[in-house]
Amino acid sequence: MQPSIDLSAYLRRIGLPRPLRADAEHLQALATAHVASIAFESLNPLLGLPVDLALPALENKLIRSGRGGYCFEQNLLFAAALRAVGYEVSYLIARVMWNQPEEAITGQTHILVRVEIDGESWLADVGFGGQALSGALRLLADIAQDTRLEPYRLLQSADEWRMQSLVRGQWLTLYRFDLRPAQMIDCIISNHYVSTHPASRFVNNLIVARTEPGRRLSMLNHEFTIRRPGHEPERHILLDHVAIRRVLEQEFLLRLPEGVGLDQRLQQLPVATDRN
């Protein structure tokens, strides 16, 4: 049996009232509110702290402590909330292709959520950082689907699916996956790699994002970027750890952890080079 989330606390955290119905309209509303309220962030791997995927730990960190998390934390918490509302939910595991050649072989280091509503399958993904899905998509191939920001589409080739978004006029692949349900052990193993391996991007960089209906906010180390549909990205270089802390708190709405050497680690961050 799946553990139960404190749904009232979760809904307060994302600013949505009860009651909710387990339908497509409320799925869209939940996903949009989640990515606007709970930032994607990699502080625990950066600080050498464990990333605990047990639901009580996720509730304590992302709901009660004012923190965020990365894909496993975000989508596992979101799936627990969906189950509490009454949705039928499963996980899919994906190979990230963002900033990779189309045929690159990458690890299965991302999860997303499959939701069944009235006999129709939907996909939700509140954990893909600066390109997180603001809303949900029908599991249908080869059609563009509008969101609050960019259009998205799903491509299918045999058993493989690709998630793409339209970024500055170009369809870019976020990740590829199949429809075999992932198990919790798959998440635990992948989570251990991305949160602890010396080569993991999350161990070596500060990566933060928050998605509002009209703009995307992202940070890679010292570079803070604001993206709005139809406009060129607005980039800001944050010169020191004081400026980084200020943006984390004011723009990403994070309550920062104390007593874990955060300022020292922020002072060691490399200069950001990611321009996507």
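Bear in mind these aren't lab numbers, they're just calculated from the coordinates by the rules spelled out. In this text, all values refer to a predicted model and were calculated from it rather than measured experimentally. With ideal geometry, Cβ positions are generated from the backbone for all residues, glycine too; neighbour counts draw on all protein chains shown.
Rounded to the nearest 20, the size of the Cβ-charge dipole of region 144-276 about its Cα centre is 220 debye, with Lys and Arg at +1 and Asp and Glu at -1.
Could you give the length gained by full extension between LEU49 and HIS197, i.e. 0.36 nm per residue of separation minus their alpha carbon distance, to one decimal place? It would help to have the intermediate numbers written out before the result.
Numbers: separation 148, 0.36 × 148 = 53.28 nm, distance 1.25 nm.
Result for the pair: 52.0 nm of gain on full extension.
Scanning residues 5 or more positions from TYR91 or on other chains, those with amide H under 5 Å from its amide H are ARG114, ALA182, with H placed 1.01 Å from N in the peptide plane.
The Cα atoms of region 92-243 give a gyration tensor whose axes a ≥ b ≥ c have a/c of 1.5 or more with a/b no greater than b/c, which makes the shape oblate.
Going by a ≥ b ≥ c, the root eigenvalues of the Cα gyration tensor, does region 175-276 fall in the rounded group (a/c under 1.5), the prolate group (a/b larger than b/c) or the oblate group? The shape class here is oblate.
Only the Cβ atoms of Lys and Arg (+1) and of Asp and Glu (-1) were treated as charged; on that basis the dipole of the chain about its Cα centre amounts to roughly 560 debye. Residues of region 17-54 with the amide nitrogen closer than 20 Å to a label point 7 Å from the Cα of ILE188, along Cα-to-Cβ, please. The answer is 45, 49-54, whose backbone nitrogens lie closer than 20 Å to the label point.
Think of each Lys and Arg Cβ as +1 and each Asp and Glu Cβ as -1; about the Cα centre, that makes the dipole of region 198-267 roughly 220 debye.
Multiplying the sequence separation of GLU212 and LEU179 by 0.36 nm and subtracting their Cα-Cα distance, what value in nm do you get? Walk me through the numbers on the way to the answer.
Details: separation 33, 0.36 × 33 = 11.88 nm, distance 2.86 nm.
Extra length available between GLU212 and LEU179 comes to 9.0 nm.
What does the charge count near ALA39 come to, summing +1 for each Lys or Arg and -1 for each Asp or Glu among other residues with Cβ under 10 Å from its Cβ? Walk me through the numbers before you get to the answer.
Details: positive: ARG67, ARG210; negative: GLU41, GLU251.
Taking every other residue near ALA39 into account, the sum is 0.
If you take every residue apart from ASP118 with its C-beta less than 15 Å away from the C-beta of ASP118, what net charge results, scoring Lys and Arg +1 and Asp and Glu -1? Here the charged neighbours net out to -2.
Of GLY119, ILE143, LEU172, which is farthest along the charge dipole of the chain in the positive direction, counting Lys and Arg as +1 and Asp and Glu as -1 at C-beta? Positive-end residue among those listed: LEU172. Here the label points at ASN60 and HIS236, each 7 Å from Cα along the C-beta direction, are separated by 3.3 nm in the simple model.
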